[in-house]
Amino acid sequence: MTAATTRTRTRLADQLLPREVTSWVRAMAWASLLTNALLIVSGGAVRLTGSGLGCPTWPRCTDDSWTNTPAMGIHGYIEFGNRTLTFLLALVAVLTALAVWRLRDRHPSFLRIAVALGVGIVVQAVVGGVTVRTGLNPWVVGIHFVISAVLVALAAVLVDRTRRVSLRHVAVAERGGQLTGPEARGARVLAVVLGVCAGLAIYLGTLVTGTGPHSGDAGGVARHTFDAYLVARVHAVPVYVLVAGTGVGVVAAFVRGWPGALRRILVALAVVVAAQAAIGYYQYFNGVPILAVALHMVGAAVLATVATMVVEKTYAVSARRDEPLAPGPSSDVLTRT
């Protein structure tokens, strides 16, 4: 082995397994977030095109083939395409775990999140198989969607923390101790309420979809037997609380002079919630058209991301300077410069 080859391998190892939080680590965090969000989008495409049983069995696509065949038509391509995303997610999960491996002593939460994402992808694949084998049972389909939302939320936390540790302007903007005393406690309570309501809205949304006309397959697929009007109203309850709580948070953030990073993410949440509410009402009063449902599912992924970031950033800026926040409140960057 030549010296040049050795240097090349060393550089590659340092790139894939860095000793500091580099742009590669941040890129892998973003890749984890975007690929898990993409799975929600592709899953929505499967459901809305009636391709849920395009591959009628699992883990094979058919009893005789691991892949779809031309005879299966467009539904086979769509369902098999959704399945192949698992390999992309698995690759990203492995690269993310490698990227944070050497950081595990200083930032142990990075590795814990990366491992959780990897395990979640395996669980998601198995639940997807159960979904097919149960003939698109709406309860299982709902669990399938919720797992994706949880993985998106975990990846959002990783994005926030890797940026705060490695980017000085983020470290300064989100440093601990900016909210203290009763105001810090109030902000944390509000953030938790917003996060819980966002989670409830997403879960109850799966019950609404499981009651509606988009079963995921053109055949006789079981649906929830809830009253469509009632389940939609129940779904709206946490949405109303989320809208009100977000409004309170935005007003408090500007009136009380909360940190700019927190103000910005609360405004982003307000925009997302308003858009989701508008799309939800539109689809409800217009017979749940496919495009509106698709946009609503994309919005759910965005909502999971932004609501999680509201909670994460609130805890960051309200942490005491000596309070152990998961990756440490940006001490790496603040002490280097």
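Residues checked against (1) under 27 Å from the mean Cα position of the chain (by Cα); (2) closer than 30 Å to residue 111 by Cα; (3) assigned to a helix (DSSP H, G or I):
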| position | (1), (2), (3) |
| --- | --- |
| 53 | yes, no, no |
| 58 | yes, no, no |
| 64 | no, no, no |
| 67 | no, no, no |
| 74 | no, no, yes |
| 81 | yes, yes, yes |
| 88 | yes, yes, yes |
| 92 | yes, yes, yes |
Item to complete: Give segment 161-206 a look and list any residue that's without any contact (Cβ under 8 Å) to a residue 60 or more places away in the chain and over 30 Å from residue 277 (Cβ atoms), or say none.
Response: 169, 181, 182
Item to complete: Would you mention how many residues in segment 278-310 are out of contact with any Leu (no Cβ under 7 Å at 6 or more places or on another chain) and closer than 15 Å to residue 249 by Cα?
Response: 2
Item to complete: For segment 8-52, name all the residues that are of a type in the set (Val, Ile, Thr) and either touching a helix residue (DSSP H, G or I) at 6+ places or on another chain (Cβ under 9 Å) or modelled with pLDDT of 95 or more (or both).
Response: 21, 22, 25, 35, 40, 41, 46, 49
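Looking only at segment 219-233, count every residue that is in contact (Cβ under 8 Å) with a residue 24 or more places away in the chain and either surrounded by 15 or more Cβ atoms within 10 Å (Cβ to Cβ) or of a type in the set (D, E, K, R) (or both) and tell me the total.
Here the count works out to 5.
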Worksheet item: If you scan segment 86-96, which residues turn out to be surrounded by fewer than 19 Cβ atoms within 10 Å (Cβ to Cβ) and not aromatic (Phe, Trp, Tyr)?
Response: 86, 88, 90, 91, 94, 95
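Table: residues versus (1) modelled with pLDDT of 95 or more; (2) assigned to a loop (DSSP other than H, G, I, E, B); (3) under 13 Å from the mean Cα position of the chain (by Cα).
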position	(1), (2), (3)
113	yes, no, yes
117	yes, no, yes
125	no, no, no
129	no, no, no
132	no, no, no
135	no, yes, no
154	yes, no, yes
Worksheet item: Which of the residues belonging to segment 244-292 are of a type in the set (Val, Ile, Thr), in a helix (DSSP H, G or I), touching a residue at least 12 places away in the same chain (Cβ under 8 Å) and farther than 25 Å from residue 157 by Cβ?
Response: 279, 290
Item to complete: Identify all residues within segment 248-262 that are buried (at least 17 other Cβ atoms within 10 Å of the Cβ) and of a type in the set (Lys, Arg); write none if there are none.
Response: none
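Looking only at segment 185-214, filter to residues that are at pLDDT below 85 and more than 20 Å from residue 147 (Cβ to Cβ); which one of those is surrounded by the fewest Cβ atoms within 10 Å (Cβ to Cβ)?
213
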Practice prompt. Go through the residues of segment 294-312 one by one and say whether even a single one is assigned to a loop (DSSP other than H, G, I, E, B) and modelled with pLDDT of 90 or more.
Written response: no
Item to complete: Output yes when any residue across segment 188-202 is farther than 22 Å from residue 291 by Cβ, in a loop (DSSP other than H, G, I, E, B), touching a helix residue (DSSP H, G or I) at 6+ places or on another chain (Cβ under 9 Å) and of a type in the set (A, V, I, L, M), and no when none is.
Response: no
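The values are calculated or read from the model by the stated rules, or taken from the named source; none is laboratory data. The shown structure was predicted, so the numbers you read here are calculated from the model rather than taken from an experiment. Counting neighbours? That spans all protein chains shown, and the Cβs are built from the backbone with ideal geometry, glycine included.
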